[in-house]
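> Would you mind keeping the following structure in view while I ask a few things?
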Amino acid sequence: MLTVSEDLRRALQDPGYTPPRRAFGEMFALLSHPELGERAERALLSAGLPAATYAAENLARDPATAEPALVRLIGRAARTHDDPTLVEALVKALHGPRAETQRHAAMALGKSGRRMAEPALLSCLSTTDPKLLRSVVEALGKVGGEESLTRLTDLEVPPALRQVADRARLMLERGLGRAQSITETIVIDRALPAALEVVLLCRGGLAQFLAEEANELEPRVESPGEVSLRYSGALSPLLQLRLATGVAIAWPLSQGTSPGGVLTALLSPELVAALGAWSSGQLRFRLEWQGAGHRRADTWRIAQGLRDAGSPLLNDPAQAPWTIEVQQAPPRLLLRPTAAPDLRFDYRVRDVPAASHPTIAAALARIAGASEADVVWDPFAGSGVELIERARLGSYRELHGTDLDARALSAARENAERAGVTGLDLQQADARNHRVPSLSLVLTNPPMGRRVLRSRGLSGVLCQVVRNVASQLVPGGRMLWLSPFPDATARAAADAGLLVERLSVVDLGGFDAELQRFVQTG
């Protein structure tokens, strides 16, 4: 039994222990230790590339020293470091004397993503070890090329490995097709072949306002975060709706959400025509399952079915302009052109932590309304998106923004310049006491991320801001904002003599805030 010093035992008790290079030899000797082997491997993994290089050099001198743990160490480094010596070491292990080490080497070569591993893996296709053959076939599916596809197509495999071989061939066909195809893009100026059910997605709580923005399209509010409409036009007008977070074609699953039901829908010529209308090049998509994890086996079954049927659709999670989501209730597919360009917010050249999502800023500006006599103030200007969205709605008299963070004001200036907004006055000031003469509109989204909301006293600060606003709004002036403490801020506004309208609860991604409008009636 290998003698282990007490100092080393104590060091290995620490999950964060990283051995120095001088200790690598001793650590490698411990890999087969019944008690400390796993801890030694964990420590060597934490040492990263230096430990892997040391292991590769030793393995090159004596391939018989290769153990599964050693191969895993080299393989982990080969995934992220383009070092040919690591792949060469894995190839030596692949041809070593121990079957378990060979399997681990094959798996590591596949995960490395290095095409240079293909010849060595191909040389193992004649193995009689079914476990090694499985690992080799899976690895070739990840790193192989045309020769691998030819060999796997002609390969006779045991029945237990047929599905593995089919999957590997599918991966190779997908990868080779990706390399040979023209660049796939989303087409935004071509009409759909027929009127279809189209879904507009937005932040929960804003659907009614999105429906108002899309009023000419005769939309229907389906839920707090979804608007639907019958639509046969081009994608471009939908991409210009400023409150929408996404656009999708809704396709019913008449045969349910099982893999067979999904496959039947994807094979529909009408669905293919719809995707083709808004696409150029190969119809590649990423399949997702709402609330059901990856469901890899079902995804592969569907991909195999598409290939066997000769469908032009190709499931490709690595490079796909479309995402197709399987939804359970109602049973349907959402066909989302996720690679579509953003036609709305290209002025955002800089951002700051906890800044407003521009669709929320657009909603605030739209709901507040615009008057050419407006004197507008954003007490928490951040990166300036609320003020920019207000500016694009129409004329105004003055635009003011304040923030305590000078970096935020710098970002707001850059964004406003990119957007072509003029006459914007930005100051570093406290929203609780800053004054804006003739103030008629306050438009803001105060800081309220999870970390910010845990800050003590934030509710009181926001109530002070409300009272400061109330003290200077002109008659008929209004304040439109999102409040994370709705009861407290509504009460503060009412006590200050403002008319309080509590419009909607908005989902801000894991926490809610209330959309509130306060109007100066005095």
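> Identify the single condition in (1) touching an Asp or Glu at 6+ places or on another chain (Cβ under 9 Å); (2) within 20 Å of residue 173 (Cβ to Cβ); (3) surrounded by 18 or more Cβ atoms within 10 Å (Cβ to Cβ) that residue 319 does not satisfy, given that it satisfies every other one.
(3)
> Just to confirm my filter: which strands (runs of 3 or more DSSP E) fall fully inside region 291-386 and include at least 1 residues that are farther than 30 Å from residue 444 by Cα and basic (Lys, Arg)? Don't jump to the end; show me each part of the working.
Values: elements: 313-315, 322-327, 332-336, 375-378.
Once the strands (runs of 3 or more DSSP E) in region 291-386 are filtered for at least 1 residues that are farther than 30 Å from residue 444 by Cα and basic (Lys, Arg), what remains is 332-336.
> Give region 267-298 a look and list any residue that's within 21 Å of residue 330 (Cβ to Cβ) and either touching a helix residue (DSSP H, G or I) at 6+ places or on another chain (Cβ under 6 Å) or of a type in the set (Ser, Thr, Tyr) (or both), or say none.
Step one: of region 267-298, the residues within 21 Å of residue 330 (Cβ to Cβ) are 267-268, 270-271, 274-275, 285, 287-293, 295, 298.
Of everything in region 267-298, those that are within 21 Å of residue 330 (Cβ to Cβ) and either touching a helix residue (DSSP H, G or I) at 6+ places or on another chain (Cβ under 6 Å) or of a type in the set (Ser, Thr, Tyr) (or both) turn out to be 268, 287, 298.
> On the basis of being over 37 Å from the mean Cα position of the chain (by Cα) and modelled with pLDDT of 95 or more, does residue 520 make the cut? Talk me through it step by step, then tell me what you get.
Details: over 37 Å from the mean Cα position of the chain (by Cα): yes; modelled with pLDDT of 95 or more: yes.
When the stated conditions are applied, residue 520 passes them.
> Among the residues that make up region 145-155, is at least one of them of a type in the set (Val, Ile, Thr), in a helix (DSSP H, G or I) and at pLDDT below 95?
Initial filter on region 145-155 (of a type in the set (Val, Ile, Thr)): 150, 153.
If we keep only those that are in a helix (DSSP H, G or I) too, we end up with 150, 153.
Filter once more, keeping what is at pLDDT below 95: 150, 153.
Taking every residue of region 145-155 in turn, at least one turns out to be of a type in the set (Val, Ile, Thr), in a helix (DSSP H, G or I) and at pLDDT below 95.
> Does residue 225 satisfy the condition of being modelled with pLDDT of 95 or more, on the phi < 0 side of the Ramachandran plot, among the small types (Gly, Ala, Ser) and touching a Pro at 6+ places or on another chain (Cβ under 9 Å)?
Values: modelled with pLDDT of 95 or more: yes; on the phi < 0 side of the Ramachandran plot: yes; among the small types (Gly, Ala, Ser): yes; touching a Pro at 6+ places or on another chain (Cβ under 9 Å): no.
For residue 225, the condition - modelled with pLDDT of 95 or more, on the phi < 0 side of the Ramachandran plot, among the small types (Gly, Ala, Ser) and touching a Pro at 6+ places or on another chain (Cβ under 9 Å) - is not met.
> Could you check how many residues of region 387-406 are in contact with a strand residue (DSSP E or B) (Cβ under 9 Å, 6 or more places away or on another chain) and either assigned to a helix (DSSP H, G or I) or more than 22 Å from residue 360 (Cβ to Cβ) (or both)?
Initial filter on region 387-406 (in contact with a strand residue (DSSP E or B) (Cβ under 9 Å, 6 or more places away or on another chain)): 387-391, 396-406.
Restricting the remaining residues to those that are either assigned to a helix (DSSP H, G or I) or more than 22 Å from residue 360 (Cβ to Cβ) (or both) gives 387-391, 397-398, 406.
Residues in region 387-406 being in contact with a strand residue (DSSP E or B) (Cβ under 9 Å, 6 or more places away or on another chain) and either assigned to a helix (DSSP H, G or I) or more than 22 Å from residue 360 (Cβ to Cβ) (or both): 8 in total.
> Among the residues of region 226-266, count how many are out of contact with any helix residue (DSSP H, G or I) (no Cβ under 7 Å at 6 or more places or on another chain), surrounded by fewer than 17 Cβ atoms within 10 Å (Cβ to Cβ) and not in a helix (DSSP H, G or I).
Selection size over region 226-266: 9.
> Turning to a different aspect of this structure: Keeping to region 160-212, report how many residues are under 25 Å from residue 249 (Cα atoms), touching a helix residue (DSSP H, G or I) at 6+ places or on another chain (Cβ under 7 Å) and modelled with pLDDT under 90.
The qualifying residues number 0.
> Considering only residues that are within 22 Å of residue 374 (Cα to Cα) and among the hydrophobic types (A, V, I, L, M, F, W, C), which ones fall in region 473-495? Show your work before the answer.
Within region 473-495, the first condition is being within 22 Å of residue 374 (Cα to Cα), and the residues that meet it are 473-482, 493.
473, 474, 479, 480, 481, 482, 493, listed by residue number.
The values are calculated or read from the model by the stated rules, or taken from the named source; none is laboratory data. In this text, all values refer to a predicted model and were calculated from it rather than measured experimentally. Neighbour counts are summed over all protein chains in view; Cβ atoms, including those assigned to glycine, are modelled from backbone coordinates with ideal geometry.
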